[in-house]
Structure formats: C-alpha cells, structure tokens
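Presented below is the structure to which this report refers.
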Amino acid sequence: DVALALIAVPGPPVFEEDTAAKLKELLGKGVLGSVFLSTDDCQAKYEELKGRDVEFTEEPAQRPYGIDAAFRDPSGNQVRLIQTTGA
C-alpha cells in the first residue's frame, strides 16, 4: 500500500526559468534518482510490461542483491524493478 505523487519541475517563483530548464534536462537523462519497485518475479513482470509496450533500458539481470531491470517513464524518470534475494 503505497501512494506516489509526481509533480512537474516548477518554474518561478520556486525556480528561475533557467534552473527549471536545467533540472528538466537532468531529469530527462535520469540523473536525479530512480523509483524502485519491488516484485516477487522480475522476469515475469518484465515480460508483462514489455507486452504493454514499456521500453526497457536494461533487461532483467542478476546483481549481488537480486535481479533487476530498468525502464524510463514518459517523463524520463528511471524506474527499476527489483527482486531481492534472501539476506
């Protein structure tokens, strides 16, 4: 049970126009962080989302902590699917 709120990069008076433009550029490159989503089966979730035309930047791969895959949302945010292994 998680709620997420996504907001656009604000312009004035929060950020000056040039600062907001730089932040949007960095966001588009995935530099400003990632959203991590936990799953019990990374490969199955990858196949499901790929079937819904989600374009992945990284296919599922074994890592020291488990299996993960990555894609970007329409705003350029990096999203990672994580299937952790037992500690």
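The values are calculated or read from the model by the stated rules, or taken from the named source; none is laboratory data. Quantities reported herein were computed from a predicted structural model and do not represent experimental measurements. Reconstructed Cβ throughout: ideal geometry from the backbone, glycine too, with neighbour counts over all protein chains shown. Ligands, DNA and RNA are stripped out before the accessible areas are found, and what is left, the full protein with its side chains, is counted by its heavy atoms. Shrake-Rupley method; radii C 1.70, N 1.55, O 1.52, S 1.80 Å.
Numbers at a glance
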{"item": "Scan of the range 61-74 for residues that are open to solvent by 30 Å² or more (accessible area, probe 1.4 Å), more than 10 Å from the chain's Cα centre (by Cα) and touching a residue at least 24 places away in the same chain (Cβ under 8 Å), ordered by number", "result": "I67"}
{"item": "Selection count, the range 31-58, where residues are touching a residue at least 12 places away in the same chain (Cβ under 8 Å) and either in a helix (DSSP H, G or I) or of a type in the set (F, W, Y) (or both)", "result": "7"}
{"item": "Which numbered condition T57 misses (of (1) in contact with a Lys or Arg (Cβ under 9 Å, 6 or more places away or on another chain); (2) polar (S, T, N, Q); (3) surrounded by 13 or more Cβ atoms within 10 Å (Cβ to Cβ))", "result": "(3)"}
